[in-house]
Amino acid sequence: MYNGDFRAYERTFSLLTQVVGRSGRGEDAGIAIIQTLNPENEIIRLAQHQDYEAFYQTEILSRKLMVYPPYCDIYHVGFSWEDREETEKCASAFFASIKEKAEYEYNDQKFILLGPSVAAVPKISNKYRYGIIIKCKNTKRMRELIGTLLKDYGKNQKYKKITISIDINPLTIH
């Protein structure tokens, strides 16, 4: 519930309503015991009462205020390589390039940039990981902007070894 992913409350609500809904068999009443340090949490309370409508209203308002789907699309740009410093430099340079291109060539595109930051799991298979989050609309122009940068960085000898990946509307942000 507190993992930093914007879908965390949705997942928690879903799991808890399943547990509560499946307790008991047939006509036999059941009981579900949920152990928590935060029993007053609104999501836990709504799941306990299986109040789907109230959960939806709470969640959709939160997503609108924080600019999360369905009010935007999310691009996760991931960077990974064996050298931490080089990976971080590449992520920072890519971030700066997005800002620069957005200011001059793509100023018709509105988006929010977050990062670059170390991934939640900073190292996998001896490769350091960084990421950038872009909250935007998944338009042809936005894909063009990101595609242009990917081509530029793919040709750049300085960053050739670094893997850059794009995930549009990822299930988890890592």
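Of everything in segment 4-28 that's exposed (fewer than 12 other Cβ atoms within 10 Å of the Cβ) and either among the hydroxyl-bearing types (Ser, Thr, Tyr) or assigned to a loop (DSSP other than H, G, I, E, B) (or both), which residue is modelled with the highest pLDDT? Of everything passing the filter in segment 4-28, Glu27 is modelled with the highest pLDDT. Within segment 136-153, restricting attention to residues that are of a type in the set (Ser, Thr, Tyr) and farther than 27 Å from Met66 by Cα, the residue that is surrounded by the most Cβ atoms within 10 Å (Cβ to Cβ) is Tyr153. Note on segment 131-157: residues that are in contact (Cβ under 8 Å) with a residue 40 or more places away in the chain and either not hydroxyl-bearing (Ser, Thr, Tyr) or not assigned by TED's automatic domain parsing to the domain that holds Ala93 (or both) total 13.
It is to be established whether one or more residues within segment 44-55 are among the aliphatic types (A, V, I, L, M) and within 16 Å of the chain's Cα centre (by Cα). No: segment 44-55 contains no residue that is among the aliphatic types (A, V, I, L, M) and within 16 Å of the chain's Cα centre (by Cα). Here is the figure for segment 72-130: residues that are without any contact (Cβ under 8 Å) to a residue 40 or more places away in the chain, of a type in the set (A, V, I, L, M) and in a helix (DSSP H, G or I) total 1.
Selection of segment 88-109 for residues being out of contact with any helix residue (DSSP H, G or I) (no Cβ under 8 Å at 6 or more places or on another chain) and loosely packed, with under 13 Cβ neighbours inside 10 Å yields Ala96, Lys99, Glu100, Glu103, Tyr104, Asn107.
Whether a residue is assigned by TED's automatic domain parsing to the domain that holds Thr139 and surrounded by fewer than 14 Cβ atoms within 10 Å (Cβ to Cβ) was assessed, and Glu53 does not pass this test. If the condition is being part of a loop (DSSP other than H, G, I, E, B) and either touching a strand residue (DSSP E or B) at 6+ places or on another chain (Cβ under 9 Å) or more than 17 Å from Glu85 (Cα to Cα) (or both), then segment 157-173 contributes Lys161, Ile162, Asn169, Pro170, Leu171, Thr172, Ile173.
The values are calculated or read from the model by the stated rules, or taken from the named source; none is laboratory data. Bear in mind that the values here come from a model prediction, so they are computed numbers and not experimental data. When we count neighbours, we look across all protein chains shown, and the Cβ atoms used for this are built from the backbone with ideal geometry, even at glycine.
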